[in-house]
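Enquirer: Let me give you the structure first, and then I'll get to my questions.
The values are calculated or read from the model by the stated rules, or taken from the named source; none is laboratory data. Quick caveat: nothing in here was measured; it's all calculated off a predicted structure. All Cβ positions, even for glycine, are placed from backbone atoms using ideal geometry, and neighbour counts span all protein chains on display. Note: areas computed on protein heavy atoms with side chains; ligands, DNA, RNA excluded. Shrake-Rupley method; radii C 1.70, N 1.55, O 1.52, S 1.80 Å.
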Amino acid sequence: MHVNLHEPWRIGPVEIPTRVVLAPMAGVSVQAFRRQGRRYGAGLVCSEMVSCAGIEHRNERTLDYLRVAADEHPLAIQIFGSEPSVMAEAARMVVAAGADLVDVNFGCPVRKVTKTGAGATLLEDPARAEAIVAAVAAAVPVPVSVKMRRGLENGSRACLELGPRLVEAGAASLTLHPRSARQMYTGEADHALTAELVQRVNVPVVASGDIVSHAKACEVLATTGAAAVMVGRAAQGNPWAVAEILDGDAGEPTREEVVAELLLFVRETVRELGEQRATGFLKKFYGWYLGHGRFPKPFKQELIQSRTIAEVEQRLLIAAPGAADLLEELEEEQAVGDEVLLEGLPISIYGGG
Ligand SMILES: Cc1cc2nc3c(=O)[nH]c(=O)nc-3n(C[C@H](O)[C@H](O)[C@H](O)COP(=O)(O)O)c2cc1C
């Protein structure tokens, strides 16, 4: 089954150059991740979900603020919340910060979010879900997309009823991760449901869940009629997976390439989050980058136990000295463009979808 993943497609007026979308992942989709995804061929990248609570409670202890760089576009910024008017205000703010698309989260299964009436709960509160999409679509000049799970309970088909209503309310695209909220990340994404959703709506549908290879991407696109696939966990610490999903023959990166990409990621993340926060935040990425049989396991432990970023950098360069030149090339290619800081909307720590 061959499908051309390099074929451009559109959401409303926004042209998306490839049929691979990088998933929004709280605690993962920092700016370094999004820019890296673009370099490896993702046609569209998405921010972590930002909390509308920042608008209502301005003095709430804030987490991080989103930064948007010139080379991230097209960029979707994801918002979540349960009040239509507050969501509309949040949408205006993210568009002012540079979002080409506003994505609404109707998929987060985490209790802290669902108990506020946001995230996946909205799959079974269709009137409110419609009101949110209508308010957001009326508030901004850019297309609005919605990311859904299949429903709250296992076997639920709520997304099939809700999807067309959301399109009616103004959604220009739908992304479906066809697991129930209850499933979290267990079991398999049931893309038979994605195919049914595609039949029911006249806007592009993005298929999310278990896209781990070019073969899987082609199969899902061919059997569902989805416009694009979304890649999440497979891309964590592994931009080469994005290239493989796009082209099918990316080959394994050399150790130098792995270390150079990791070092760039580390430096950009320090710039974005500050050294103190980045030190803890980055630990999970060491295993993701260095796994896949690329480096011996104890090396990952050494990095995790390093106390400073300087120590991490030093160890990495000792393990792969040739990475220094590659890193320099990457840094030159990726000069920092104009950046906009999205103030007032904290990134949520309770991600999921
Ligand atoms: C750590 C993590 C955080 C996530 N955060 C979000 C989020 O903030 N918003 C969202 O819509 N989905 C979120 N998701 C769901 C992913 O976007 C994606 O739909 C899901 O992981 C299935 O795709 P995959 O099998 O390619 O990982 C998250 C997933 C993971 C693993």
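Enquirer: Check every one of the helices (runs of 4 or more DSSP H) wholly within segment 281-335 and list those with 3 or more residues that are over 22 Å from the mean Cα position of the chain (by Cα).
Expert: Here the list reads 297-305, 309-319, 323-333.
Enquirer: Further, regarding this structure: Need the failing condition index for A278 against (1) open to solvent by less than 10 Å² (accessible area, probe 1.4 Å); (2) modelled with pLDDT of 95 or more, just the number.
Expert: (2)
Enquirer: Among the numbered criteria (1) within 13 Å of the ligand (Cβ to nearest atom); (2) touching a residue at least 12 places away in the same chain (Cβ under 8 Å); (3) open to solvent by 10 Å² or more (accessible area, probe 1.4 Å), which one does T186 miss?
Expert: Unmet for T186, out of (1) within 13 Å of the ligand (Cβ to nearest atom); (2) touching a residue at least 12 places away in the same chain (Cβ under 8 Å); (3) open to solvent by 10 Å² or more (accessible area, probe 1.4 Å): (2).
Enquirer: Also, quick follow-up: Check whether at least one residue in segment 49-59 is within 16 Å of the ligand (Cβ to nearest atom), under 20 Å from G209 (Cα atoms) and at pLDDT 95 or above, and report yes or no.
Expert: no
Enquirer: Something else now. Just the residues that are in a loop (DSSP other than H, G, I, E, B), open to solvent by less than 30 Å² (accessible area, probe 1.4 Å) and either more than 15 Å from the ligand (Cβ to nearest atom) or without any contact (Cβ under 8 Å) to a residue 12 or more places away in the chain (or both), please, taken from segment 8-32.
Expert: T18
Enquirer: Shifting gears a bit: Restricting the search to segment 86-121, which residues are of a type in the set (D, E) and within 13 Å of the ligand (Cβ to nearest atom)?
Expert: Passing the criteria: only D103.
Enquirer: Within segment 136-151, is there a residue that is in contact with a Ser or Thr (Cβ under 7 Å, 6 or more places away or on another chain), on the phi < 0 side of the Ramachandran plot, free of Cβ contacts under 8 Å to residues at least 60 places away in the same chain and open to solvent by 20 Å² or more (accessible area, probe 1.4 Å)?
Expert: yes
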